[in-house]
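Shown next, in structure tokens, is the structure this report addresses.
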Amino acid sequence: MALTAQQEADLLSMLDAYKNGEQIDDLPAASMDATDKKIEVFDTKSGASQCMDLTAAVDMANAPWCGRVWRTDLATPTAATYCGSLEMLKNFKDILELGGYLVKNDHSRRKLDPTNHYRFANGETAKLDGSMGHYQWGWGKPFYFARWTQGNLEYEAVSLYPIKGQYNYRIPVGSICATGLAALDRTTDTLVSYINDDVRYRGGNNNANYDGKYNSLLGHCATNRTTAQFAAAAHKNGTGWLAGTMRGAAVVKILIEIIMGTRNVQAALNNKDANGLYQGGFGTGVTNWDWTSWSNHNGNNPILHMSAGVDMADGLGVKEIPVVKADGTTAFTAKVPVFFGLKNFFGYIWRVSEDELAEANADKTMKHWVTPSIYGTYTYGSTAGMVLKSTAPTYPGGWIKRMSYDGLEMWPTEVGGSESTYQCDHYWNGSNIVSGFRAVFRGAPTNDGGPAGCGAVTVNYAVTYARANLGSPLCEFAEEFPLVPEYYAVV
């Protein structure tokens, strides 16, 4: 087909431009003031060429970050898209060195083999019985977390470097007991993360009548202590060791949301998406055995040996564990969730949280008090030295619709959601009181079903509450863990 006169003219113009085009060395030198420079970039997500500030491009190359984006105008708990570096998000668990560790009281740590937690990466045998340290799950590098909103888009992002133009929380190197809940050395009254069947570490409420039976508590996590008692037992390991913490719960929730792309931890686990990103939750977890059956089995004590799921090492998924009756038949199949080596991070047993406290208001809402430092001296049940944060909804609570992430408090601020919308977790405020302090427990127990989750919170109980279905993780942080973010300007 013959070209028109205009097409011929356009083609000749293009050829002339090509012949006279300048090589990069022929271009005039740019000034060293880079603040107003632009470069062309190719967006692999959209397939489009785009313009980008040179300073932003340099920041992204030298200090990459990644995250997820949610639509605030939608009820779905699933992220709408990712943000930042796709490659970083795909590999962030490895970049952060998530997984199992043996950690000593001085915070020195050795990474366990990602395929076998009974050995180290060099093949050396690793003992989880306490003779080589605490069996923990954690991260090997400090990192930064930022959260911001633009229009109806809500961003959550992480990086090994401060994210420019945002307020950043610095998360120090730390860990949580890899089994989800800790044991107790009955001889020294020290909270420990050991897998040990000795009577010295008998779990639950320390009922020896179950020893040697189908419902034995040997090798199980410890329960039936108050928050203050668990905290005192954790502190015996040394500086930087704590019982359950809001801080630890926040790190787990943040990493699951960003890596898995959902706030519904009980959603089904799916194959990776088209971008190679993880997606979905972990199913029901250990949440759906009714109270009566559980009570008849062992008085609502822990039902799982602490070795449950260890064979999955740094894996991701669900480990089914049969809970047997006296005749050896299965009474209940516990579906233990595993997040790159962390077991039972929701459901199963209520978790104390020593760095936060609730206070009832006259209108039956709940103030949220938090400890500004992990090194402070606090009396659980008193707000002396604590900082006031958000206020939780009024009696009787409900499904969490909005939650405050400020100060990493993970505190419900609005109800009206459901089991499959918004945060997908429940807030219990059924105490119907107008004054006084209440303990904060997280995660929910074996019988709570759908309401359980990483963000599930109850303020139903007094600060002196202790019961067979209440336990504690063992947390440790290698340095101070402040709750005040720092702004990093775009230079």
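The values are calculated or read from the model by the stated rules, or taken from the named source; none is laboratory data. Because the structure is predicted, anything quoted here is derived from the model rather than measured. Here the Cβ positions follow ideal geometry from the backbone for every residue, glycine too, while neighbour counts run over all protein chains shown. Remember, those area values only see protein heavy atoms, side chains included, never the ligands or the DNA or RNA. Shrake-Rupley method; radii C 1.70, N 1.55, O 1.52, S 1.80 Å.
Odds and ends about this structure:
- Taking other residues whose beta carbon is less than 10 angstrom from the beta carbon of Asn116, and scoring Lys, Arg as +1 and Asp, Glu as -1, yields -2.
- In summary, the range 105-144 shows an alpha-carbon radius of gyration equal to 1.21 times the 2.2 N^0.38 Å reference for compact globular proteins.
- The convex hull built on the alpha-carbon positions of the range 319-383 has an orientation-averaged projected area of 8.3 nm².
- Apportionment of accessible area to carbon and sulfur, the range 166-214, percent (1.4 Å): 41 percent
- Binning the alpha carbon pair distances of the range 189-320 at 10 angstrom intervals from zero yields the distribution 11, 29, 36, 20, 4, 0, expressed in whole percent.
- q = 0.12, 0.23, 0.24, 0.26 Å⁻¹: log10 I(q)/I(0) that the Debye formula gives for the range 108-191, counting C-alpha atoms only: -0.56, -1.09, -1.14, -1.23
- Within the range 390-491, the percentage of alpha carbon pairs spaced more than 20 angstrom apart rounds to 47%.
- Protein heavy-atom accessible surface, 1.4 Å probe, per residue over the range 383-475: 32 Å².
- Ellipsoid semi-axes in whole angstrom, largest first, where each is sqrt(5λ) of the Cα gyration tensor of the range 275-355: 25, 16, 12
- Distance histogram in 10 Å bins (all Cα pairs of the range 111-261, percent per bin): 10, 31, 30, 19, 8, 2, 0
- Net +/- balance of residues flanking Pro337 in space, Cβ distance below 9 Å, scoring K and R +1, D and E -1: +3
- Long-range HN-HN contacts of Ser390 with modeled amide H, under 5 Å: His368
- Calculated P(r) of the range 244-391 - Cα pairs past 22 Å, %: 55 percent
- Rolling a 1.4 Å probe over the heavy atoms of the protein chains gives the range 241-304 an accessible area of 28 Å² per residue.
- The convex hull of the Cα atoms of the range 237-287, projected and averaged over all directions, covers 5.0 nm².
- Under-5 Å amide H pairs with Leu112, H placed in peptide plane, nonlocal only: Gly100, Tyr101, Leu102
- Sequence of Asp273, Asp314, Asp198 from largest to smallest accessible area, 1.4 Å probe: Asp198, Asp273, Asp314
- Working note: Karplus 6.51/-1.76/1.60 with θ = phi - 60° gives the range 218-227 the couplings 5, x, 9, 6, 8, 9, 6, 10, 6, 4 Hz, where Gly and Pro are set to x.
- Length gained when the stretch Leu388-Asn361 is fully extended (0.36 nm per residue, less Cα-Cα span): 8.4 nm
- Distant alpha-carbon pairs in the chain (separation over 37 angstrom), percent: 31 percent
- Portion, in percent, of the accessible area of the range 311-382 that falls on carbon or sulfur, probe 1.4 Å: 50 percent
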